[in-house]
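Here the structure is laid out as C-alpha cells; the discussion comes afterwards.
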Amino acid sequence: MDISVTRDVFRLAQVFTISRGSRTQTEVVTVKISDGGVTGWGECVPYARYDETLDSVTAEIEGLPESFDRAALQDLLPAGAARNAVDCALWDLEAKRAGKRVWDLAGLAAPGPEVTAYTLSLDAPEAMRAQAAEHAHRPLLKIKLGTPDDMPRLEAVRAGAPEARIIVDANEGWSAEVYADLAPHLVRLGVSLVEQPLPAGEDEALIGMERPVPVCADESCHDRASLPHLKGKYDVVNIKLDKTGGLTEALALREAALAEGYKVMVGCMVGSSLAMAPATLVAQGAMVTDLDGPLLLAEDRDNALTFDEAGVHPPKAVLWG
C-alpha cells in the first residue's frame with residue numbers, strides 16, 4: 001500500500017473572518033492511497049484550535065505502517081484531521097475496488113441533495129448587512145459572531161435578509177452573561193440555532209440555563225467519547241469529519257447522538273469539494289447542513305460538487321466514493 005501526502009492551497013473568494021482571525025486562503029492536506037493499481041484519496045484541514053498544523057498532520061500520516069485497513073486505522077491515529085484524510089481515502093479506495101459507491105458499502109440509502117447554510121464572515125454591522133442582502137436569496141444563512149458587541153450585527157443581518165432562515169456561530173466567543181443577554185434577541189430575530197456560544201472548557205455554565213433557541217456543540221463535540229460531557233448543555237451536535245477523524249467515526253457519532261436524543265448538524269472546515277464529499281453522506285436528514293466550504297473558494301477541485309437550489313449534491317464517483 002503506497003501513501004502519498006501533498007499540501008494544496010485554495011484561494012478564498014473573499015477574506016474570511018471568525019472570532020479567532022482572518023484569512024485569504026485555505027491550506028489542506030491531500031492523501032492518496034494506492035494499492036493494486038487503484039487509488040483512493042481524501043482531504044483534511046489541519047486546525048490550529050486543536051493544535052494541528054500542516055507539519056504535524058503530515059508527520060502523523062507519514063508515521064503510519066506500510067499496511068493497515070480502515071478498522072485498524074481507528075486505533076493507529078487519534079480523532080482529528082490526519083485520520084480523516086486517510087479514512088476517507090480508504091473508503092474511496094474500497095469503493096473503487098468493489099466498483100460500488102461508498103453508501104452501498106456502508107449500507108446507507110442513496111443520498112440526495114441537502115440544503116446547506118452559506119456563511120457570512122464576521123465584519124462591521126453595515127458590511128454584514130451588505131453580505132446578507134447579497135445572499136438573501138439563499139434559504140439558510142450562517143452568521144459568524146463571537147464578540148461582546150454582536151447585537152448590531154444580528155440586527156443588520158436580519159435587515160439585509162428578512163426572509164432567510166438564520167443560524168449563528170459564536171465560535172466560543174461569548175461569556176455566559178453575553179449569551180444570556182442575547183438569547184431573547186436571538187428568538188426575536190428568528191434565529192433557529194446557536195453554535196458553541198461558550199468556550200468548550202467553560203460550557204458547564206450552560207447547565208440549567210434557559211435555551212430558547214437550540215444550542216449546538218461544535219468545539220465541545222469531537223467524536224462519540226464527547227457525548228457523555230454534553231448532557232444538559234446542548235440540544236444539537238455538529239459533526240465535522242476533521243474532528244471525528246473520518247467518515248467511519250462520523251457515521252458512528254451520528255447514530256449514537258440520535259440515539260441519545262440529540263439533533264444533528266453536519267459542518268465543515270473551509271476546504272474543497274473533496275473534503276465535503278464524504279460529509280454529504282452524514283448530512284442526509286440532518287437538522288442543519290453546513291457544507292459550504294467550496295462556495296467560499298475562488299477555485300476548487302476538478303469534478304467539483306454541484307450546488308443549486310436543491311442544495312449540495314452527493315459527489316460523482318469521479319470525484320470521490
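The values are calculated or read from the model by the stated rules, or taken from the named source; none is laboratory data. As the structure is a computational prediction, the values presented were derived from the model and not from experiment. Every residue, glycine as well, gets a Cβ built from its backbone with ideal geometry; the counts of neighbours run over all protein chains shown. These area figures cover heavy atoms from the full protein model, side chains too; ligands, DNA and RNA do not enter into them. Shrake-Rupley method; radii C 1.70, N 1.55, O 1.52, S 1.80 Å.
Considering only region 14-22, I want to know if a residue exists there that is modelled with pLDDT of 95 or more and in contact with an Asp or Glu (Cβ under 9 Å, 6 or more places away or on another chain).
no
Counting only residues that are within 18 Å of residue 240 (Cα to Cα) and in contact (Cβ under 8 Å) with a residue 60 or more places away in the chain, which one in region 294-309 is most open to solvent (accessible area, probe 1.4 Å)? Step through it out loud before you land on a result.
Here is the first cut: in region 294-309, the ones within 18 Å of residue 240 (Cα to Cα) are 294-296, 305.
In the following step, the residues that additionally are in contact (Cβ under 8 Å) with a residue 60 or more places away in the chain were identified as 295-296.
On the way: 295: 51, 296: 19 Å².
If we take residues in region 294-309 being within 18 Å of residue 240 (Cα to Cα) and in contact (Cβ under 8 Å) with a residue 60 or more places away in the chain, then 295 is most open to solvent (accessible area, probe 1.4 Å).
Can you confirm whether residue 286 is surrounded by fewer than 24 Cβ atoms within 10 Å (Cβ to Cβ) and in contact (Cβ under 8 Å) with a residue 60 or more places away in the chain?
yes
For region 175-184, give me each residue that is open to solvent by less than 30 Å² (accessible area, probe 1.4 Å) and over 15 Å from residue 233 (Cα atoms).
182
Looking only at region 117-134, decide whether some residue is touching a Phe, Trp or Tyr at 6+ places or on another chain (Cβ under 6 Å) and under 30 Å from residue 316 (Cβ atoms).
yes
What do you reckon, is residue 86 touching a Cys at 6+ places or on another chain (Cβ under 8 Å) and either crowded, with 19+ Cβ neighbours inside 10 Å or more than 30 Å from residue 310 (Cα to Cα) (or both)?
The answer is no for residue 86.
State all residues of region 185-238 that are hydrophobic (A, V, I, L, M, F, W, C), surrounded by fewer than 18 Cβ atoms within 10 Å (Cβ to Cβ) and more than 30 Å from residue 156 (Cβ to Cβ); if no residue qualifies, say none.
207, 225
Could we say that residue 273 is open to solvent by less than 10 Å² (accessible area, probe 1.4 Å), at pLDDT 95 or above and touching a helix residue (DSSP H, G or I) at 6+ places or on another chain (Cβ under 7 Å) here?
So residue 273 fits the description; yes.
What is the one condition in (1) open to solvent by 80 Å² or more (accessible area, probe 1.4 Å); (2) among the charged types (D, E, K, R); (3) in contact with a helix residue (DSSP H, G or I) (Cβ under 9 Å, 6 or more places away or on another chain); (4) under 22 Å from residue 97 (Cα atoms) that residue 2 does not satisfy?
Going through the list (1) open to solvent by 80 Å² or more (accessible area, probe 1.4 Å); (2) among the charged types (D, E, K, R); (3) in contact with a helix residue (DSSP H, G or I) (Cβ under 9 Å, 6 or more places away or on another chain); (4) under 22 Å from residue 97 (Cα atoms), residue 2 breaks only (3).
With the condition kept exactly as written, say whether any residue in region 107-114 is more than 22 Å from the chain's Cα centre (by Cα), open to solvent by 60 Å² or more (accessible area, probe 1.4 Å) and closer than 30 Å to residue 66 by Cβ.
Checked region 107-114: at least one residue is more than 22 Å from the chain's Cα centre (by Cα), open to solvent by 60 Å² or more (accessible area, probe 1.4 Å) and closer than 30 Å to residue 66 by Cβ.
Could you grab me the full set of residues in region 50-75 that are of a type in the set (D, E, K, R) and loosely packed, with under 14 Cβ neighbours inside 10 Å? Even if it seems obvious, please write down each step before you answer.
Looking only at region 50-75, we keep the residues that are of a type in the set (D, E, K, R), and these are 51-52, 55, 60, 62, 66, 69-70, 75.
Scanning region 50-75 gives 51, 55, 62, 66, 69, 75.
Take the residues in region 94-106 that are in a helix (DSSP H, G or I) and either open to solvent by 70 Å² or more (accessible area, probe 1.4 Å) or among the acidic types (Asp, Glu) (or both); name whichever of them is farthest from residue 33 (Cα to Cα). Step through it out loud before you land on a result.
In the first step, residues of region 94-106 are kept if they are in a helix (DSSP H, G or I); the result is 94-98, 102-105.
Retained after the next criterion (residues that are either open to solvent by 70 Å² or more (accessible area, probe 1.4 Å) or among the acidic types (Asp, Glu) (or both)): 94, 96-97, 104.
Details: 94: 11, 96: 12, 97: 12, 104: 21 Å.
For region 94-106, the residue satisfying everything is 104.
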